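Presented below is the structure to which this report refers.
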Amino acid sequence: MPELPDVEVIRRRIAEHGLEREIASVDLRDPERLRGARPADLDAALTGYRFTAATRHGKVLALKVSCGWNLIVHFGMTGALVLHADAGDEPDHTHLACTFADGGRLAYADLRRLGWLELTDDVPRYLKTQDIGPDALSFTREGLSAYLADKGGTIKSALMDQSRVAGIGNVYSDEILFGAGVRPDRKTADLDETEVERVFDALHAVLTDAVELDADPGRMTDGAWLLPHRDGDGVCPRCGGALTSLKVSGRTTHLCPRCQT
């Protein structure tokens, strides 16, 4: 599932290569991927206009359109936005294809069809109505400490609650807690001040570093990352011990029982 780093990488690519290009045509191939509007509404909101800005909040991407609308993209489990040169490069499972006047294309693809698109003229209001909390990277040390003191439950479930901390999912919650040296099944009420500070530091370091690595597990080659190992050799990149998995709030969770306490 695309999480904050994955969506930020997509946002940066769109911001660099997809803005200020006139949209010549819109091909919505799966109307079920559009919520709260008709296909004709989407066509009217995009055709003849340009994307002028790309912003991200948590896992949600917003593309500002020159007519005033915003195209909201939820990526679900397998969604992606792909810029490509021509029809021959179109990704499989494309549900929305925007063709620019210069001949380039922007495709929304989604293998499992769990993502969706919406239109809004007010992004902050939209996020509020969708009960999407503050972006994970907007938290201060004090803000995260106060949230965890109030939240209860496990630290992993607290980090994954999109109504309170937007952007962190199953993969990066594990990475953050590995970086902090904290077991994912620890109760937030049992964390001391030093452990909360380590979680805060790891949250910012993991998310920002992952973005700089294009959220590509193949580039996460030093001992700071579980991703290349959790479904691979199963070896902790720090201590060399065996990684283990367990269920936390119904989610398969990976950790090192030596490095995380």
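Taking the stretch 104-155, which residues are within 20 Å of Val248 (Cβ to Cβ) and under 16 Å from the mean Cα position of the chain (by Cα)?
Passing the criteria: Gly133, Ala136.
Among the residues that make up the stretch 186-206, is at least one of them farther than 23 Å from Arg12 by Cα, part of a helix (DSSP H, G or I) and modelled with pLDDT under 95? Within the stretch 186-206 (the criterion being farther than 23 Å from Arg12 by Cα, part of a helix (DSSP H, G or I) and modelled with pLDDT under 95), the answer is no, since none of the residues qualifies. Residues of the stretch 145-163 include at least one that is among the hydroxyl-bearing types (Ser, Thr, Tyr) and closer than 18 Å to Met1 by Cα.
Residues checked against (1) assigned by TED's automatic domain parsing to the domain that holds Ser163; (2) farther than 21 Å from Gly167 by Cβ; (3) touching a Lys or Arg at 6+ places or on another chain (Cβ under 9 Å):
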residue	(1), (2), (3)
Glu8	no, no, yes
Arg21	no, yes, yes
Asp41	no, yes, no
Thr52	no, yes, yes
Leu61	no, no, yes
Asn70	no, no, yes
Asp110	no, no, yes
Leu117	no, no, yes
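Per the listing Ile14, Ile72, the residue uniquely closer than 30 Å to Tyr172 by Cα, among the β-branched types (Val, Ile, Thr) and touching a Ser or Thr at 6+ places or on another chain (Cβ under 8 Å) is Ile72.
This table checks each residue for (1) outside any loop (DSSP other than H, G, I, E, B); (2) under 16 Å from Arg21 (Cβ atoms); (3) in contact with a strand residue (DSSP E or B) (Cβ under 6 Å, 6 or more places away or on another chain).
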{"position": "Leu71", "(1), (2), (3)": "yes, yes, yes"}
{"position": "Leu83", "(1), (2), (3)": "yes, yes, yes"}
{"position": "His95", "(1), (2), (3)": "yes, no, yes"}
{"position": "Thr99", "(1), (2), (3)": "yes, yes, yes"}
{"position": "Arg112", "(1), (2), (3)": "no, no, no"}
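In this structure, Asp231 does not satisfy being farther than 30 Å from Tyr126 by Cα and touching a strand residue (DSSP E or B) at 6+ places or on another chain (Cβ under 6 Å). Once the stretch 24-37 is narrowed to residues that are within 21 Å of Val123 (Cβ to Cβ) and charged (D, E, K, R), the residue that is surrounded by the most Cβ atoms within 10 Å (Cβ to Cβ) is Arg33.
The number of residues in the stretch 159-179 that are in a helix (DSSP H, G or I), surrounded by 24 or more Cβ atoms within 10 Å (Cβ to Cβ) and among the hydrophobic types (A, V, I, L, M, F, W, C) comes to 4.
Conditions tested, residue by residue: (1) of a type in the set (Ser, Thr, Tyr); (2) in contact with a Phe, Trp or Tyr (Cβ under 9 Å, 6 or more places away or on another chain); (3) loosely packed, with under 15 Cβ neighbours inside 10 Å.
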site: Val196; (1), (2), (3): no, no, no
site: Ala210; (1), (2), (3): no, yes, no
site: Asp216; (1), (2), (3): no, no, yes
site: His229; (1), (2), (3): no, no, no
site: Cys239; (1), (2), (3): no, no, yes
site: Thr244; (1), (2), (3): yes, no, yes
site: Pro257; (1), (2), (3): no, no, yes
site: Thr261; (1), (2), (3): yes, no, yes
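Among the conditions (1) closer than 30 Å to Gly152 by Cβ; (2) at pLDDT 95 or above; (3) not aliphatic (A, V, I, L, M), the only one that Ser249 does not satisfy is (2).
If you scan the stretch 182-196, which residues turn out to be polar (S, T, N, Q) and in contact (Cβ under 8 Å) with a residue 12 or more places away in the chain? Thr188, the sole residue that qualifies.
Within the stretch 83-115, restricting attention to residues that are crowded, with 16+ Cβ neighbours inside 10 Å and among the hydrophobic types (A, V, I, L, M, F, W, C), which residue is farthest from Leu159 (Cα to Cα)? So, considering only residues that are crowded, with 16+ Cβ neighbours inside 10 Å and among the hydrophobic types (A, V, I, L, M, F, W, C), the one farthest from Leu159 (Cα to Cα) is Phe100.
Applying the criterion of being free of Cβ contacts under 8 Å to residues at least 40 places away in the same chain and not in a helix (DSSP H, G or I) to the residues of the stretch 1-23, the residue that is surrounded by the fewest Cβ atoms within 10 Å (Cβ to Cβ) is Glu20. Against the numbered list (1) under 15 Å from the mean Cα position of the chain (by Cα); (2) of a type outside the set (Asp, Glu); (3) surrounded by 19 or more Cβ atoms within 10 Å (Cβ to Cβ); (4) under 21 Å from Asp121 (Cα atoms), Thr55 comes up short only at (3).
The values are calculated or read from the model by the stated rules, or taken from the named source; none is laboratory data. Keep in mind that this is a model prediction, so the values were computed, not measured. Quick reminder, even Gly has a Cβ in these numbers, built from the backbone with ideal geometry, and neighbours come from all protein chains shown.
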